[in-house]
Amino acid sequence: MPDSAPNRRSSRVSGLDRFLRLFTDVRAGEATTALLLGLNVFLILTAYYFIKPIREALILGESGAEIKSYASAVQAALLLGAVPLYGRLAGRLPRRTLINRVTLFFVVCLVVFFVLGTAGVPLGIPFFLWAGIFNLMVVAQFWSFANDLYTNDEGERLFPLVQFGASLGAVLGSVVVGRLIEPLGIYPPMLLAGAILLLGLAVTTVVDRRERRRTESDRPAWSTTLTNPAATGEFRLETGEYTNLREALKEAIARAERGDEPEPEPEPEPPRASGRGSSSDGIVGSGAFQLVFRTRYLLLIALLVLLVNWVNTTGEYILGRLVEETAIAAVAEGATVLTVGQYIGRFYSQFFMVVNVASLLLQLFVVSRIVKYLGVRLAIMILPVIAVGGYALLAFFPLLAVVRWAKTAENATDYSLHNTVRNILFLPLTREQKYKAKQVTDAFFWRAGDVLSAAAVFVGTSWLSMRASQFALLNLALVVAWLVIAWRVGAEYRELVRTGRPPGTD
């Protein structure tokens, strides 16, 4: 289908475009929006990493590690209510209004927590629960927005650049807040995190206006993303967004078979007052969980996310257990002048530094090339293949040095390549699926992986007396299932891109 004038980017290649081509395939006129989106997610992750150490300090200082593990299960239960509520908001509010209101809600919460904390009110459990929901929902919301802006081709090329902003924000946020807590205390960084989130909202507004001018300047105001609900069920083809997806696709296919020239599109009717869009597809207007469980592709993504986090969290337990055992032995033998706590702290400081640096380098120089030359179908398989090798090795050699480098490879790949590809999977979907279903997969199913891991650790340690090598074998079995699902997801993604039909619209 020919591009309409508003959808064309500038054909002039800028110096910025040329520079960014060192890292990914940036075409003329694409650099500015991609960098702004990278800045947007950079600010979100910086704010979260301001919050994360405060969360750990409060929950561990007031309640202890055992309560922390139980609180993770409570987060999953809370998401059963939070995710459908978000889905209802997405079905009624335009995307910019939705993002503004949800983000402002979390900013107000930070101010309230600051006031309560400085007044001496215990915050450990409520702040831990809130922070876990904030992290998952706000990050998922950002990627819904990014998916809404880009076509399949644009997203596959530019998401690696955008994801670099997230990786950089995680590193900078953790470094800066570490230097602020000592002179300022625990609570003032909450206000700084809120201010950073507000700055991110300003960037969101700039990106939204810029992209609406590019893609929607020839559309009536009532038919644009400024006024239509975020979750309308519309699907963005190369020429824009259709209100009635099924009929538009049928007509486009019929014209192609006849060899006819494209006919002018009829003026769409204004959206209904209910604010749920006007597509005739059966899944439009569905609840967030209903969308996932009724659509095989979305359910496969949800299971993929669950297994990724289940394996990763159990792997973190294996690492933590071996670090603790090694620290206790080193102190008892007089092999170190450090205390057990200092030994563990030094280990994790070095571990996180290596993981974050490796993740940044992979994101900057490797991820875009893997997606370009291997494609999404193979790229989604790389992390589970690495995990198979790592946990197979750990099952026979459960040594700290082995688990350290296995987890370094796993985490660095997860934070860079796998995060990027997982967000690319949502590009061929309807707007309703992008805004509603992504909260289910990236928030609820992610947290469900934590719960299953905690349950496995509890049963394995309390009832079965499992060793680290046996937990590695459990992870190895889970990774085999993960490989199968990753293969299915990759195959379905390729088919969706080939046909141009989002799932659930046949």
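Can you tell me how many residues in the stretch 335-367 are assigned to a helix (DSSP H, G or I) and either among the aliphatic types (A, V, I, L, M) or touching a helix residue (DSSP H, G or I) at 6+ places or on another chain (Cβ under 6 Å) (or both)?
We begin by selecting, within the stretch 335-367, every residue assigned to a helix (DSSP H, G or I); these are 340-365, 367.
Filter again for either among the aliphatic types (A, V, I, L, M) or touching a helix residue (DSSP H, G or I) at 6+ places or on another chain (Cβ under 6 Å) (or both), leaving 340, 343-344, 347, 353-364, 367.
The number of residues fulfilling the criteria is 17.
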| said: Being over 27 Å from the mean Cα position of the chain (by Cα) and at pLDDT below 90 is the requirement here; does A329 meet it? | reply: yes
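The rows are residues; the columns are (1) more than 22 Å from the chain's Cα centre (by Cα); (2) surrounded by 17 or more Cβ atoms within 10 Å (Cβ to Cβ); (3) of a type in the set (K, R); (4) under 24 Å from T205 (Cα atoms).
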site	(1), (2), (3), (4)
R18	yes, no, yes, no
F23	no, yes, no, no
A28	yes, no, no, yes
T33	no, yes, no, yes
L36	no, yes, no, yes
N40	no, yes, no, yes
L45	no, yes, no, yes
I54	no, yes, no, no
A57	yes, no, no, no
| message | Residue under question is L394, and the condition is that it be surrounded by fewer than 19 Cβ atoms within 10 Å (Cβ to Cβ), of a type in the set (A, V, I, L, M) and in a helix (DSSP H, G or I); does it hold? | response | no
The residue from I318, I370, I424 that alone is surrounded by 18 or more Cβ atoms within 10 Å (Cβ to Cβ) and touching a Gly at 6+ places or on another chain (Cβ under 7 Å) is I424
Checklist entry - Out of all the residues in the stretch 472-490, is one or more in contact (Cβ under 8 Å) with a residue 24 or more places away in the chain and more than 21 Å from L307 (Cα to Cα)? => result no
Within the stretch 404-432, the residues that are over 20 Å from W482 (Cα atoms), at pLDDT 90 or above and part of a helix (DSSP H, G or I) are R404, W405
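Might you let me know whether the stretch 137-150 holds any residue that is over 29 Å from V440 (Cβ atoms) and in contact (Cβ under 8 Å) with a residue 60 or more places away in the chain? Quick ask: steps written out before the conclusion?
Within the stretch 137-150, the first condition is being over 29 Å from V440 (Cβ atoms), and the residues that meet it are none.
Checking the stretch 137-150: not a single residue is over 29 Å from V440 (Cβ atoms) and in contact (Cβ under 8 Å) with a residue 60 or more places away in the chain.
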Quick one: is Y187 closer than 24 Å to V440 by Cα, aromatic (F, W, Y) and in contact with a helix residue (DSSP H, G or I) (Cβ under 7 Å, 6 or more places away or on another chain)?
no
Residue check: is A477 among the aliphatic types (A, V, I, L, M), out of contact with any His (no Cβ under 9 Å at 6 or more places or on another chain), surrounded by 23 or more Cβ atoms within 10 Å (Cβ to Cβ) and part of a helix (DSSP H, G or I)?
no
Checked against (1) more than 16 Å from the chain's Cα centre (by Cα); (2) outside any loop (DSSP other than H, G, I, E, B); (3) not hydroxyl-bearing (S, T, Y), K438 satisfies every condition except (1)
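Does V371 satisfy being part of a helix (DSSP H, G or I) and either modelled with pLDDT of 85 or more or of a type outside the set (G, A, S) (or both)? Can you show your working first?
Details: part of a helix (DSSP H, G or I): yes; either modelled with pLDDT of 85 or more or of a type outside the set (G, A, S) (or both): yes.
So V371 fits the description; yes.
Identify the residue in the stretch 464-506 that is within 24 Å of F396 (Cβ to Cβ) and among the aromatic types (F, W, Y) and, among all such residues, is modelled with the lowest pLDDT. If you could, list the steps in order and put the result at the bottom.
Step one: list which residues in the stretch 464-506 are within 24 Å of F396 (Cβ to Cβ), which gives 464-484.
Restricting the remaining residues to those that are among the aromatic types (F, W, Y) gives 471, 482.
Details: F471: 92, W482: 97.
Out of the qualifying residues, it is F471.
Residues are listed down the side, and each one gets a yes or a no for (1) over 24 Å from the mean Cα position of the chain (by Cα); (2) closer than 25 Å to T326 by Cβ:
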residue: S453; (1), (2): no, yes
residue: S469; (1), (2): yes, yes
residue: I485; (1), (2): no, no
residue: V489; (1), (2): no, no
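The values are calculated or read from the model by the stated rules, or taken from the named source; none is laboratory data. Just so it is clear, the structure is predicted and the values come from calculations on it, not from any experiment. So basically every Cβ, Gly included, is an ideal-geometry build from the backbone, and we count neighbours across all protein chains shown.
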